[in-house]
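No lab work stands behind these numbers, since they all come straight from the coordinates. Since the structure is predicted, the reported quantities are computational estimates derived from the model, not experimental observations. Counting neighbours? That spans all protein chains shown, and the Cβs are built from the backbone with ideal geometry, glycine included.
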Amino acid sequence: MSTAPFAPRDVRMRGFSRRAEVGAVWQWIAQHATRLDAEAVAVEQAAGRVLANDVISTLDVPAFDRAAMDGYALRGDETVGASEYNLLAFEVTGGALPGRPFDGKVRPGQAVRIMTGAPMPDGADAVVPAEYAHETPRGIEVSTAFGPGRHVGRLGEDIRRGAPVLDAGRLLRPQDLGVLASLGMPEVQVVRRPRVRIVTTGAEVVAPGMPRAPYEIYDANSAMLFGLVARDGGVLQAHCRTGDDPALIRAAITADGADVVLVSGGSSVGSEDHAPRLLAEIGELAFHGVAMRPSSPAGAGRVGAALVFLLPGNPVSCLCAYDFFAGRAIRLCGGRPAQWPYRLQRAVAARKIVSAIGRVDYCRVRLRSGEVEPLALSGASVLSSTTRADGFVVVPAESEGFGAGAEVDVYLYDRE
């Protein structure tokens, strides 16, 4: 297949003279889908966001030696030899609570009543849990030995000052936020979420819930794209319905405020497929027509700093083109890995998965007892095939498919 630079042309009612390779589109995305700037958000609001910078600890956690159990703080070496038959007595001279340390020093033969999290008293180096100490009129009797350091959380035991804590690019989990909060951080620098505009074209497309004429169809792509954009860390900037009006499509593509623009429909070779021509006129049409099935009419380009992806109107093609191209760009802009966010499973092909040299095939499949059964290789408008499928198999362009019994990689739609 030719690798010459793509030259945009008006393909309406003419068809594609050539198609770009999937790998070439991925290279273009890698070059142009650069990570966005950082922004500060409150730590408690940062779950699921991408960390923009490395986090280095500015303090020790804990910042002092503290009790790890409720009990009695004392000198650990003084409990050597303690047993149920050799109870060792200690005078209790006070107490320590979290945030309220004992004001004094533990001397030989003494103990301080202490609660979990309270600072260790000066002179004490161990905590005897309450269940191993029997109260007496003068103090306690200890029945088990607990050497120095037992049940004591040491200064810096969790995190040391100056130690690396979290690396840039990490998708923050709830426990990560707890660690950041333990460092005293009220907010954290995260990668700004890509602002995504969805432009729905097609004079025959009607919003769900609205009256539908006999030859109109309800818009399935927009709802699907809303979920995909959210999955990949983007935030919806606007949603426009333009019909097939070139002026409205142009205005929707060129409006300010979006990092990524997704145009649903109008990307093929029909007389009303205006989006590729308009993108070439107002910006850059980097690719139009890709050697893959489905989604061959997909395209990509730029208007100013915004990346624009032309997604075919057939729902399966729209899903496939989004996953291969637009979603990849949104993830990269948001600081996430380019790879698909699908679980990967190896399985054996129950029967042959057919393809053709020179194109990438996106094959929807079912899993049955460790074997994978092709569900559909065509039918780009049959969106229900993706709900019946467990996932998909990608057949590379250099392959004619996979024979029965071959091991294949299955990308599972369900992430859990």
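Some notes on this structure:
- Amide H contacts of residue 122 (H built 1.01 Å from N, in plane; Pro and chain starts excluded): 104, 106 sit under 5 Å, all sequence-distant by 5 or more or on other chains.
- In order along region 87-93, phi translates into HN-Hα couplings of 6, 9, 8, 9, 7, 8, 10 Hz, rounded to whole numbers, per the Karplus curve 6.51 cos²θ - 1.76 cosθ + 1.60 with θ = phi - 60° and x for Gly and Pro.
- Each 5 Å bin from 0 upward holds the following percent of the Cα-Cα pairs of region 234-293: 3, 16, 29, 25, 17, 8, 1.
- Cα-based Rg of region 267-324 normalised by 2.2 N^0.38 Å, two decimals: 1.05
- Across all directions, the shadow cast by the convex hull of region 343-412 built on its C-alpha atoms averages 4.3 square nanometres.
- Site pair residue 187 and residue 54 shows an inter-label distance of 2.4 nm when each label is modelled 7 Å from Cα along Cα→Cβ.
- Pairwise Cα inverse-distance average, inverted: Kirkwood Rh of region 16-132 (Å): 19.3
- Rg/Rh for region 93-213, where both radii come from Cα atoms and Rh is the Kirkwood radius: 1.39
- Mean ellipticity per residue at 222 nm, deg cm²/dmol - from DSSP H runs of n ≥ 4 across the chain, formula -39500 (n - 2.57): -4500 deg cm²/dmol
- Panel order for 231, 197, 250, by other beta carbons found within 10 Å of each beta carbon, from fewest to most: 231, 250, 197.
- Prolate/oblate/rounded label for region 241-357 (Cα gyration tensor, a/c 1.5): oblate
- In degrees, nearest ten, helix 22-32 long axis to first principal axis of the chain (Cα): 60
- Angle between the chain longest axis and helix 221-231 axis [Cα atoms, degrees, rounded to 10]: 30
- Segments 288-297, 140-149, 72-81 sorted - mean Cβ within 10 Å per residue, highest first: 288-297, 72-81, 140-149
- For region 343-412, the relative contact order is 49 percent, taking Cα pairs closer than 8 Å that sit 6 or more residues apart in sequence and dividing their mean separation by the residue count.
- The residue list 23, 52, 123 was ranked by how far each Cα lies along the charge dipole of region 21-148 toward its positive end, using unit charges on Cβ atoms, and 123 comes out on top.
- Loop-resident chymotrypsin sites (Phe, Trp or Tyr not before Pro) (DSSP state other than H, G, I, E or B) in region 77-109 with no more than 13 further Cβ atoms inside 10 Å of their Cβ: 85.
- A convex hull fitted to the Cα coordinates of region 66-153 yields 70 cubic angstrom per residue.
- Taking 168, 89, 203 in turn, the Gaussian network model of the chain (Cα-Cα springs below 10 Å) assigns the largest fluctuation to 89.
- Normalised by residue number, the volume inside the convex hull of the Cα atoms of the chain is 212 Å³ per residue.
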